[in-house]
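For reference, the structure discussed in these notes is given below.
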Amino acid sequence: MSGIAGGAQGFGLAPWVLAFPLIGLAFNLLFGRRRREAVVGGVASAALAASFLASLGLAVALRVQPEGALVPLTEWIHIGPLQLDWSMRLDTLSVTLMLMVTGVSTLIHVYAIGYMHEDVRHQGDPSRFRRFFVYFNLFVAFMLILISADNFVMMFVGWEGVGLCSYLLIGFWFEKGEGGLGNARAGKKAFIVNRVGDVGFLIAMFLTFTAFGSLRFEEVFQRAQQAGPSATGVVTAIALFLLVGATGKSAQIPLFVWLPDAMAGPTPVSALIHAATMVTAGIYLVARTHVLFALAPVAALAVALVGATTALFSASVALGQFDIKKVLAYSTISQLGFMMAAVGMGAYVAGLFHLLTHAFFKALLFLGAGSVIQGVERGHAAGHGGHDGELDPQDMRAMGGLRARLGWTFPVFLVGALALAGLPPLAGFFSKDEILTAAWDTNPVVYGLLTAASFLTAVYVGRQLMLVFFGRPRSEAAGHARENPPVMIVPLVALAALSFLGGALNLPGVHTLEHWLEPSLRAEPVEFSPLVAGISASLAVLGLGLAVLLYRQPVRPGAEDPLARLLGPVFRGIRAKWWVDEGYTALVVRPYEKLAEFLAWTVDERLWHDRFHEDVLAAGFRRSTAWLADSFDLKGIDATSNRLAAMVQRAASGFRVLQSGFVRTYALSVLVGSILILSYLVLH
């Protein structure tokens, strides 16, 4: 990879990709308190738009120099053999992700101006508007650091940064939620579960440096390839620990449990996490280190199986959710499973293709869900929802008929939903079809799992559309819902266009994305299969049709879901999310709490504090101070001082006889003394 000096001049834009979001957050942090909301949101959005334009410039530079460039920013860590500088790795893989992150994030930022204007007032604290956009810009900045990293440590900085920002944004309304702590618990859950995955990433880094003496991607890959079969064991271990890290960030089995609870954050946060930033990090990690996974087929197979299992599991759970955002949350976990399965099978381009199209339609769906939620809240706040009591604006059973009330939201949401279902000719069909074709060619088990997940995806998508938009309104709030302002609608229209046209990025026979990524990812091309595509499209139509048949009749809060009658006890498992959270509670949380209680009360309070601290330390201190005070001080130091004083007193009494007060006595004493001195001198 060439340096910037020898490459296209456009690579000089690289630092600005990182700088613009930082400038935006710095402006709002320092000066935003006195600015109007439109200025705060406009600056944050403009910063991301500028970063997107800089990324476009980098893409143009890559047309001139496809092998990319390494742009050094500053010296960083120089400790013995560990020599790392802060450098940006610019190749077709990193710049593709930059374009996606900055482009989709810009649209989410613009949408958030309108959404958060309402949300901060609904939550009762308009002063947090500025804080939200500071966190939002910081989130994207850390994601860009992760993407542009030239070494594992720099990537880990971005990796931890997005974890921090997700914690801040999921718990943005930390005093809200169940019992006034629900949102705070959701943020903490995301933070802790991701730390478990991060331990895997750290161990992988330690093993990498121990085995290959470097943490720079290029050097590690070269040395691993040069080591050959002798390094297969350590490379497999490294790849498996990288998979642990990826399962945390990309919410795969078993570390997926944090992502559904991430819905506690404002809806734009959900869109940013699920579509453009954090959850794509694990997929990017596997793609970036594809050389290691190619040398470790056992680890690659594990990646594929984890992804395929996650895809089917999460799709089944999405079938039983009534919260409009929870359905999309489990959908994200499922679609990430498709991407993970693809990169595990070596179909890196297919996985990244789906990552890009998923960013378009999942951002659209989450922002569309936010538009639905605020539309229902407006209907409730207008005074027409008095009969609804404490309305849950996210419960799809309290919606219905919104197709007529939300004239802009419905068609764009429909585009995103059908793209997610994999209906041709929308973007999701083409990208998902490539993954299914790769599985058809390489792994029948993975293909079976992903095909079943595809069918369930179409069913829960159709179910969501029917519950939210069709039929009659099932609440007063839904019957008086109102459309959102243009600042929220325009990003939805743009994302709908991308969801419709995004398949053109890598159309069969053209393979534009594949040719673009070839300098970074040399993967076997996935050829279009009419049979696989036909099966996929047929299952999408069948799933959507089944949902229409089942949900023609309205489902009110408290009523039995049609799927419950069809599936019986299976639906109870789906509705309960297969009791995974309960399992974690029983196997991990409660034992941890009991251990913590034991350590706190038995070990710390009774043993350490009462026994050791009181009986050993405190009692020993008291005994030692008593000995020092009585034996050492009084009987030793004080007694010695008293004896010295008595001796001085006795000596003084003896010498007192010489102090008679008569001058003749003193003169005689002087005379006698003089005689004695002279005698001594004469004799000696």
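In units of the compact-protein estimate 2.2 N^0.38 Å, segment 600-684 shows a Cα radius of gyration of 2.55. Around the amide H of ASN151, modelled in the peptide plane, lie the amide H atoms of PHE217, all under 5 Å away and 5 or more residues distant in sequence or on another chain.
All Cα-Cα separations within segment 1-101 were binned at 10 Å from zero, giving a P(r) of 16, 37, 27, 16, 4, 0, each value a whole percent of the pairs.
Couplings 3J(HN,Hα) of segment 618-624, computed from phi: 5, 5, x, 5, 5, 5, 5 Hz, in residue order, whole Hz [Karplus 6.51 cos²θ - 1.76 cosθ + 1.60, θ = phi - 60°; x for Gly and Pro]. Gyration tensor over the Cα atoms of segment 219-295: the corresponding equivalent ellipsoid has semi-axes (square roots of 5 times the eigenvalues, largest first) of 32, 12, 6 Å. Just want the answer: with Cβ charges of +1 for Lys and Arg and -1 for Asp and Glu, which residue in GLY636, LEU550, ALA564 is farthest toward the dipole's positive end in the chain? Farthest towards the positive pole: GLY636. Spacing of the modelled spin labels on ALA559 and GLN9, each 7 Å from Cα toward Cβ, amounts to 6.8 nm. Dipole size of segment 539-662 about its Cα centre, with +1 on Lys/Arg Cβ and -1 on Asp/Glu Cβ: approximately 60 debye, rounded to the nearest 20. In the chain, what percent of the accessible surface is made up of carbon and sulfur (1.4 Å probe, ligands and nucleic acids excluded)? Whole-percent figure for carbon plus sulfur exposure: 66. Roughly speaking, what is the centre-to-centre gap between segment 425-495 and segment 80-111 when only Cα atoms are used, to the nearest Å? A separation of 28 Å, based on Cα centres.
Here the gap between LEU678 and LEU202, fully extended at 0.36 nm per residue and compared with their Cα-Cα distance, gives a gain of 162.0 nm. Under the criterion of Cα pairs below 8 Å and six or more residues apart, the relative contact order for the chain equals 11 percent. Taken per residue, the accessible surface of the chain reaches 43 Å², heavy atoms only and a 1.4 Å probe.
Under 5 Å from the amide H of LEU73 lie the amide H atoms of TRP86, SER87, MET88, each residue being 5 or more positions distant or on a separate chain, with H modelled from the backbone and absent for Pro and chain starts. Taking every Cα-Cα distance in segment 129-184 and sorting them into 5 Å bins starting at zero, the pair-distance distribution P(r) comes out as 5, 21, 22, 17, 14, 10, 7, 3, 1 percent. Can you classify segment 449-494 as rounded, prolate or oblate using the Cα gyration tensor, where a ≥ b ≥ c are the square roots of its eigenvalues, rounded means a/c under 1.5, and otherwise it's prolate if a/b beats b/c and oblate if not? Note, shape of segment 449-494 comes out oblate. Full extension of the chain segment joining GLU605 with VAL490 gains 35.4 nm, where the gain is 0.36 nm per residue of separation less the Cα-Cα distance. Which entries of LYS188/LYS432; LYS249/LYS325; LYS188/LYS249; LYS362/LYS432; LYS189/LYS325; LYS325/LYS577 have Cα-Cα distances beyond 23 Å here? LYS188/LYS432, as the Cα separations exceed 23 Å there.
Positive-end ranking of THR602, LEU521, LEU93 along the dipole of the chain, with charges on Cβ about the Cα centre, is headed by THR602.
In this label model, TRP16 and LEU181 are separated by 4.9 nm, measuring between points 7 Å along each Cα→Cβ vector. Extent along the principal axes, Cα only, for segment 80-145: 54, 30, 11 Å, with the longest axis given first. Given the alternatives (1) 1.19; (2) 1.37; (3) 0.95, Cα Rg over 2.2 N^0.38 Å as computed for this entry is given by (2). Extension gain for the segment VAL589 to HIS122, taken as residue separation times 0.36 nm less the Cα-Cα distance, is 164.8 nm to one decimal. Here the chain is assigned +1 on the Cβ of each Lys and Arg and -1 on the Cβ of each Asp and Glu. Its dipole about the Cα centre then comes out at about 1480 debye. For segment 202-251, a Kirkwood hydrodynamic radius built from all Cα pairs, placed in the Stokes-Einstein relation at 4 °C and 1.567 mPa s, yields a translational diffusion coefficient of 117 µm²/s. Over all projection directions, the Cα-based convex hull of segment 315-471 averages an area of 8.9 nm². Remark on LEU82: its backbone amide H falls under 5 Å from none of the residues 5 or more positions apart or on other chains, H modelled at 1.01 Å from N.
Shown is the FRET efficiency for MET647 and PHE621, computed with R0 = 35 Å from the Cβ-Cβ distance and rounded to the nearest 0.05: 0.45.
Between segment 5-67 and segment 283-297, how many Å separate their Cα centres? The two parts, judged by their Cα centres, are 29 Å apart. Legend: calculated FRET efficiency, ALA629 to THR665, from the Cβ-Cβ distance at R0 = 51 Å, rounded to 0.05, equals 0.55.
The distance from the alpha carbon centre of segment 139-172 to that of segment 550-622 is 30 Å, rounded to a whole number.
In the chain, helices alone account for a calculated mean residue ellipticity at 222 nm of -22000 deg cm²/dmol, with every DSSP H run of four or more residues adding -39,500 (n - 2.57). Projecting the Cα positions of VAL616, TYR592, TRP578 onto the charge dipole of segment 544-684 (unit charges on Cβ atoms of Lys, Arg, Asp and Glu, taken about the Cα centre) puts VAL616 furthest along the positive direction. For GLN83 and LEU30, the FRET efficiency from 1/(1 + (r/R0)^6), where r spans their Cβ atoms and R0 equals 22 Å, is about 0.05. Remark: segment 609-616, residue by residue, has Karplus-estimated 3J(HN,Hα) of 7, 6, 7, 6, 5, 7, 6, 9 Hz, where x stands for each Gly or Pro and the curve is 6.51 cos²θ - 1.76 cosθ + 1.60 at θ = phi - 60°.
The values are calculated or read from the model by the stated rules, or taken from the named source; none is laboratory data. On a predicted model such as this, the values are computed, not experimentally measured, just so you know. In this analysis, Cβ positions are derived from the backbone assuming ideal geometry, glycine residues included, and neighbour counts consider all displayed protein chains. Calculation scope for accessible area: heavy atoms of the full protein, side chains included, ligands and nucleic acids excluded. Shrake-Rupley method; radii C 1.70, N 1.55, O 1.52, S 1.80 Å.
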